[in-house]
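A short write-up of the structure that comes next.
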Amino acid sequence: MGIGLRQKDYIAPLVPAVVVAAVWRIQNMVSKASKKSSAKPKPTDVAIIGAGMAGISAALALADGGHHAHLIERTVSIGGAYVAIYKIFPALECSACVMTPLTSFVGKHLNITIHSLSEVKKVKGKAGNFTVTIHKKARYVDENKCTGCGLCIAACPVEVPNHYDMGLSLRKAIYMNFPQQIPLLAAIDRDACIGCGTCASVCPQDCIMYDDEDKEYDLNVGSIINAAGFQEYQPTDYAEYGYGVFPNVVTTLEYDRQTHPTGPTDAHMVRPSDGREPETIMFVNCVGSRDVRENIQGYSHHCNRVCCSFGLKLAQVTRMHYPKEHCKIIYTYMDMRTCGKCWKSSSGTRSITKTLTSSEAGLLRLMKILILVTSW
Ligand SMILES: Cc1cc2nc3c(=O)[nH]c(=O)nc-3n(C[C@H](O)[C@H](O)[C@H](O)COP(=O)(O)OP(=O)(O)OC[C@H]3O[C@@H](n4cnc5c(N)ncnc54)[C@H](O)[C@@H]3O)c2cc1C
Ligand code: SF4
Ligand code: SF4
Ligand code: SF4
C-alpha cells in the first residue's frame, strides 16, 4: 500500500498538507538513495518534532513503511490539542474515539520511539544525514518501572493550576494529563513539589527518583519533520472584550475544554465567575485575525480558515447541551468562512453579521458569557 493512501486513513482534516508532502518526500528520497551503491548507508530514521495529530500521523505512516520514527514531544504525553478538544467538526465525532486508537498504536509500534518531555537542542549535518541533539527534562519517575497506577497522584498533598485544563482546574505536583495518556507514566513538577516524600512511600514499584536529572543525547536521522503545531492567540490587547480582566470572557480553547467529559467542569458549560449556567452566550469571531490596528500585538492580517468552523461547532455543541428555552446563543461574524467543510447554519442560534462595538461587548461581558473565537 502506498504511503499516501495509508496517510489518508490516519490524518485529521486539518493536519497540514506539508506533513503529508514531507512523508512522501522521505519515502522517495530513501528509495532513490537505496538505488545508488554508496559505500556508507545513510540513516533512514526520521525525527518528528511535535506529537500532535500531524506528528502522530506522520510517525505511523513512516513506521508502517519500515522507517524508525523518533517522536519528540515537549510535554508529558502525546496527542497535542486534538485530545484536549471534545467534539470534532463537521461530523461531531468524539476526539478520543479518533485519537485513542492512534496514540495506542504509537505506544506499541516497534518502529516508533516516543521522546516525551523532550525538545531538539541542536541539529548538525545536512539532508539525508542529520545529528539531532535531544534535551530531555527529568521526569523524576523511572520510565522503565512506572505502571501509571496513579497511587502517587491520589496521595500527593500539593495542588496547582492544571495547564492541561487551561488553568480551570487543579492537578497534583505529581501528575498525568489524563488517565489514558501515552506514555502512561507519572511525572513530578519540581516547581510545585514540596519534597514531602509521600509519593515515594506509596509507590508499589519504587520508581520515584528525586535525584533524576535532565539528559542530552544524539539521534542520527536521515530526515526531520517539523509538526510543532499551533498556539492559541491570547487576545489581551483587545481591551474592548476584557479578556484576562473579566472571568466570563474566554477563548475557544478554554471553552472547548469545558465541553469535554474529562475537562474541568465534567462537560457542563458554566460561567467561570460563579459556576452557574449561562443565560446568554455570545460568540465573537475573528479575534486576532483580519485586523489592521496598530495597537494590537501578534494578530494576523489573514483569515485563519478554521476558526469559523470550530466556533460554529462550539455553538452547536452548546445547543445540544442547553436547549433553546434554557440559554440564548448569539453568534457574530464578519463573513462565514467554513473552508473545505460542509456546514449548515446551526438551528437555535441567532447569527449577526457585524463586528461588535465596544459598548455592545462591554454590556455582554458584564452580564453573561462572551466567547472569543481566537486565531492561532
Ligand atoms: C478551540 C479549537 C477547536 C478545534 N476544533 C476542531 C474540530 O472540531 N475539528 C478539527 O478537525 N480540528 C479542530 N481544531 C483544530 C485541531 O485541533 C488542529 O488542527 C490539530 O490539533 C493540529 O494538530 P497538530 O499536530 O498540527 O498540532 P498540535 O495539536 O498543536 O500539536 C503539536 C504538538 O507539538 C508539541 N510541540 C510544540 N513545539 C514543540 C517543540 N519545540 N518540541 C517538541 N514538541 C513540541 C506540542 O506540545 C504539541 O503536542 C480545533 C482547534 C481549536 C483551537
Ligand atoms: S510512580 Fe509509582 S505510584 Fe505513581 S503511577 Fe507510577 S507506579 Fe504508580
Ligand atoms: S514529594 Fe512532591 S510530588 Fe511527591 S507527594 Fe510530596 S509534594 Fe507530591
Ligand atoms: S475563519 Fe472565520 S473567524 Fe477565522 S479569521 Fe476567517 S473569517 Fe474570521
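Values in this text are rule-based calculations from the coordinates and carry no lab data. Bear in mind the structure is a predicted one, so any value in this text is a computation, not a measurement. Don't worry about glycine lacking a Cβ; one is built from the backbone with ideal geometry, like all the others, and counts go over all protein chains shown.
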With 0.36 nm assigned to each residue of separation and the Cα-Cα distance removed, Leu151 to Ile194 gains 13.7 nm
Per-residue Cβ contact counts at 10 Å, fewest first, order Cys199, Cys97, Cys339 as Cys97, Cys339, Cys199
Counting only DSSP loop positions in segment 221-318, the GluC sites (Glu not before Pro) whose Cβ has at most 13 other Cβ atoms within 10 Å are Glu279, Glu294
Straight-line reach check, Lys126, cutoff 20 Å on alpha carbons, 8 or more apart in-chain or any other chain, hits among aspartates and glutamates -> Asp45, Asp218
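Rounded, prolate or oblate for segment 151-202? Axes are the square roots of the Cα gyration tensor eigenvalues, ordered a ≥ b ≥ c, and the cut-off for rounded is a/c under 1.5.
Oblate, since a/c reaches 1.5 and b/c is not below a/b.
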Taking a ≥ b ≥ c as the square roots of the Cα gyration tensor eigenvalues, with a/c under 1.5 meaning rounded and otherwise prolate when a/b beats b/c or oblate if not, segment 89-234 comes out oblate
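In what sequence do Asp266, Asp165, Asp211 fall when counting other Cβ within 10 Å, fewest first?
Ascending Cβ contact count within 10 Å gives the list Asp211, Asp266, Asp165.
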Cβ density ranking, 10 Å radius, fewest first, applied to Lys121, Lys313 yields Lys121, Lys313
Ordering 186-192, 139-145 by per-residue average of other C-beta atoms within 10 angstrom, highest first, gives 186-192, 139-145
Given pairs Lys108/Lys145; Lys172/Lys313; Lys42/Lys122 and cut-off 22 Å on Cα-Cα distance, the over-length ones are Lys172/Lys313
